[in-house]
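To keep things clear, I will list the structure first and then write my remarks on it.
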Amino acid sequence: MPYPISVSAIDTTLLTRNEARKLRRLELKKYQAYEIIAKFEGTSLEQLFSPEPTRYLCLTNLCFGGVGGITTEQVSEIFNTFDGLAGIRLTHGKPYSFALFNSTASALHARETLHNKPCEFLNGKVLFIEFEFISVELEKSILQDIYSNTAWISVQDRSVIHFGYSFNYDSNEVGLPSLQFPPYVNLLLEKIRKLYPFISNMEQLTVQHYPIGTGIPPHVDSHSSFGPIVLAFSLESPVIMEFKNLQTGVIVNIDLPERSLMILKDEARYTWSHAIRARKSDLLEDGRVRERNKRVSLTLRTINPERICYCKWPNLCDRNIAHLKKDS
Ligand SMILES: O=C(O)CCC(=O)C(=O)O
Ligand SMILES: [Fe+2]
Ligand SMILES: [Zn+2]
């Protein structure tokens, strides 16, 4: 694996500001991953990585548990598609693992196919994160408004308030029309639609308060109750959200910073479950442990008026148009 280049040395001419920002963020992540390896192993990268190809590939941000938490089977599923795989060695407590090949050529082929290729899920097609979407001042005033509300109901260890429509956690279905949207939400939606014109008017808002150590179990927001886009704002503190591909079992951890907006669509909305693990700290990609703090989220959805889902995954769907056609 070649020695990492410095982030400041990236040529960003010909790129838009947004593309350049994304590239810099990616390079920074890679740079940090290399630095972490050097730190854990207590030696320099020149000592650790051969300048010539070898039979070994180092997989960064990948281990049991924490960020990149994954099983051997899940990694094997990706690498088994390459000839000459000899084995996967996952580490415990170190944020990197290894793939072993029978020959240098087969290792090189796998590396050329995978290295620097963004994960389908994260490449900004189905999951988007807008950092600092909400200003510090706006966050403060939204939180003031939220904490002065008295309509909280308890759900497991967290508290929720529903606006637009209520939600029944027993039947996992949208309920009756409820409180009107607070004015700040309309402001946020106006800004979202400028950046993402494909997003229609949201109709249901859930405000949730997570005390330290609490989370939300793995789930997919009800297909039949809600539309194809789910929005989630994070306030007050960041958290790691765990996504699991329901078809392959692959797990991807996404860091949701405070004041960010997350948009889920297509696969991210329908074929991956999401969860926040109930724990008091999160393990970050750079190996640091981040203590949790209390967190507030605002999730927004549209309503499916006929309670029918038109998604492309009827086998993962609770009430798909394909099932209904078959039954009639
Ligand atoms: O708290 C969050 O960011 C997500 C909440 C969520 O997944 C939900 O309400 O369905
Ligand atoms: Fe959800
Ligand atoms: Zn569906």
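Read-outs throughout are calculated quantities, based only on the coordinates presented, and are distinct from any laboratory measurement. If you're wondering where the values come from, they're calculated on a predicted model, not measured in any experiment. Please note: Cβ atoms are built from the backbone with ideal geometry, for glycine as well, and neighbour counts cover all protein chains shown.
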* Structure fact -> Log entry: pair-distance distribution for the chain, C-alpha pairs binned every 10 Å from zero, whole % per bin is 5, 22, 31, 23, 14, 5, 0
* Structure fact -> From DSSP H assignment alone, runs of 4+ in the chain each adding -39500 (n - 2.57), the sum over residues rounded to the nearest 500 puts [θ] at 222 nm at -8000 deg cm²/dmol
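If you add up the charges near Pro211, with Lys and Arg at +1 and Asp and Glu at -1, over every other residue whose beta carbon is less than 11 angstrom from its beta carbon, what do you get? Write out the running numbers ahead of the final one.
Working: positive: Arg158, Lys280, Arg292, Lys294, Arg295; negative: Asp157.
Net charge around Pro211: +4.
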* To do: Using only Cα atoms, find the angle between the long axis of helix 183-195 and the longest principal axis of the chain, and express it within 0 to 90 degrees, rounded to the nearest 10.
  => 50
* Can you give the relative contact order of the chain as a percent, counting alpha carbon pairs under 8 Å and 6+ residues apart? -> 17
* How long is segment 108-236 along each principal axis, judged by its Cα atoms, biggest number first, in Å? -> 60, 35, 32
* **Alpha-carbon Rg with Dmax, taken over segment 240-328, Å** => 16.7, 55
* Asked: P(r) for segment 149-214: what percent of alpha-carbon pairs falls in each 10 Å bin, starting at zero?
  -> 18, 43, 31, 7
* Asked: To the nearest 10 degrees, how steep is helix 17-41 against the longest Cα principal axis of the chain, on a 0 to 90 scale?
  -> 60
* Structure fact -> Too long for a 24 Å Cα-Cα cut-off, among Lys94/Lys244; Lys140/Lys191; Lys30/Lys94; Lys125/Lys312, are none
* Over segment 103-206, calculate the relative contact order: mean separation of alpha carbon pairs under 8 Å at least 6 apart, over the residue count, as a percent. => 18
* Asked: If exposed trypsin sites (Lys or Arg not before Pro) are those in a DSSP loop with at most 15 other Cβ within 10 Å, what is the longest stretch of the chain that has none?
  -> 126-278
